[in-house]
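For reference, the structure discussed in these notes is given below.
The values are calculated or read from the model by the stated rules, or taken from the named source; none is laboratory data. Since the model is a prediction, treat every value here as computed from it, not as a measurement. Here the Cβ positions follow ideal geometry from the backbone for every residue, glycine too, while neighbour counts run over all protein chains shown.
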Amino acid sequence: MKILVFIVCAYLLGSISFAVIMSRLFALPDPRTYGSHNPGATNVLRSGNKWAAILTLLGDAAKGWLAVWVAQRFEPQDGNSLLIAAVALAVFFGHLFPIFLRFKGGKGVATALGVLLALNVWLGLAVLATWILVALIFRLSSLAALLAAVGAPIYAMALALPSEYVFTLVGISLLLFWRHKSNIQNLLAGKESRIAKKKDSHSE
């Protein structure tokens, strides 16, 4: 029962869309009505308001971190890995399929990063470093996100984190790949737009 309550609360927290909230606060168009129609930071950036995009990014990452952090604080003694892993997956799932937006959410990169930083700061930093390195070399945000997703469970195993974390990260990585399916198609076709260039409607 305890795990179920935490999962539901984490899912509801993940369902909060900072892209929509910040767009309303800054009197911007709904991010679901332009660009990629994705309620995420990159699409909010298309509005031309960098602060709204930055706050969206921070908010999405913070909710992932907060959900896991609360679960960790709830059982500091035995460190219930199953509970923490379930919460991590639930808050991420909430961002992808938010009940408040009729289950049409974002791609989850920022929320996933927040989850990773809460699970283990070195894990989060390793994945972030992977994203930055790939982005600098290839100037492809989607490719950076995909390769960072592949690295997450590998880094978790290298850090000897609980097996529950590793399985959860595999699930998160698979969901990230699924949400980036249009980007993958563009990458294979050589049509994916690059960082610092005007992005098309399929970019994240």
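Computed values, structure above
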quantity	calculated
Residue list for segment 1-15, filter: within 15 Å of residue 109 (Cα to Cα) and either of a type in the set (Phe, Trp, Tyr) or surrounded by fewer than 24 Cβ atoms within 10 Å (Cβ to Cβ) (or both)	15
Considering residues of segment 156-204 that are at pLDDT 90 or above and among the hydroxyl-bearing types (Ser, Thr, Tyr) only, the residue farthest from the chain's Cα centre (by Cα)	163
Residue within segment 69-86 that is surrounded by fewer than 20 Cβ atoms within 10 Å (Cβ to Cβ), of a type in the set (D, E, K, R) and within 20 Å of residue 184 (Cα to Cα) present	no
Count - residues of segment 21-52 that are buried (at least 21 other Cβ atoms within 10 Å of the Cβ) and in a helix (DSSP H, G or I)	8
Condition met for residue 60 (of a type in the set (Asp, Glu), closer than 18 Å to residue 101 by Cβ and buried (at least 17 other Cβ atoms within 10 Å of the Cβ))	yes
Tally of residues being under 22 Å from residue 56 (Cβ atoms) and either among the aliphatic types (A, V, I, L, M) or at pLDDT below 95 (or both) across segment 1-23	8
Considering residues of segment 157-189 that are under 23 Å from residue 119 (Cα atoms) and among the small types (Gly, Ala, Ser) only, the residue surrounded by the fewest Cβ atoms within 10 Å (Cβ to Cβ)	160
Residues within segment 138-155 that are among the hydrophobic types (A, V, I, L, M, F, W, C), under 16 Å from residue 193 (Cβ atoms) and either more than 16 Å from the chain's Cα centre (by Cα) or at pLDDT below 95 (or both), tallied	2
Filter result for residue 67 (within 27 Å of residue 168 (Cα to Cα), under 14 Å from the mean Cα position of the chain (by Cα) and either hydrophobic (A, V, I, L, M, F, W, C) or assigned to a loop (DSSP other than H, G, I, E, B) (or both))	yes
